[in-house]
């Protein structure tokens, strides 16, 4: 099982954030990539955490992405809302 690179993970997180009423969970990312949630939390999310502001723990203790930074939008490039 391969994990996505930084750009692929960041693009997916921003797309999911835009689609899911401004929120992304590790479950969302796991479903997007067909990976186990644990793999996403250990390998994928650490790649992109610097590109999100205001990460707050959810009720279950899992971080909830609050907002991509302007740098994240520039890194992903035009065409992402």
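The values are calculated or read from the model by the stated rules, or taken from the named source; none is laboratory data. Remember, predicted model here, so these are calculated numbers, not experimental data. Cβ: placed from backbone, ideal geometry, glycine included. Neighbour counts: every protein chain shown.
Given the options 23, 58, 79, name the one that is surrounded by fewer than 18 Cβ atoms within 10 Å (Cβ to Cβ), on the phi > 0 side of the Ramachandran plot and modelled with pLDDT under 85.
Sole residue among the options that is surrounded by fewer than 18 Cβ atoms within 10 Å (Cβ to Cβ), on the phi > 0 side of the Ramachandran plot and modelled with pLDDT under 85: 79.
What's the number of the only condition in (1) surrounded by fewer than 19 Cβ atoms within 10 Å (Cβ to Cβ); (2) assigned to a helix (DSSP H, G or I); (3) at pLDDT below 90 that residue 14 fails to meet?
Result: residue 14 fails condition (1) only.
When residue 43 is evaluated against the numbered criteria (1) outside any loop (DSSP other than H, G, I, E, B); (2) surrounded by 13 or more Cβ atoms within 10 Å (Cβ to Cβ); (3) modelled with pLDDT under 90, which criterion, by number, is the only one it fails?
Among (1) outside any loop (DSSP other than H, G, I, E, B); (2) surrounded by 13 or more Cβ atoms within 10 Å (Cβ to Cβ); (3) modelled with pLDDT under 90, the lone unmet condition for residue 43 is (3).
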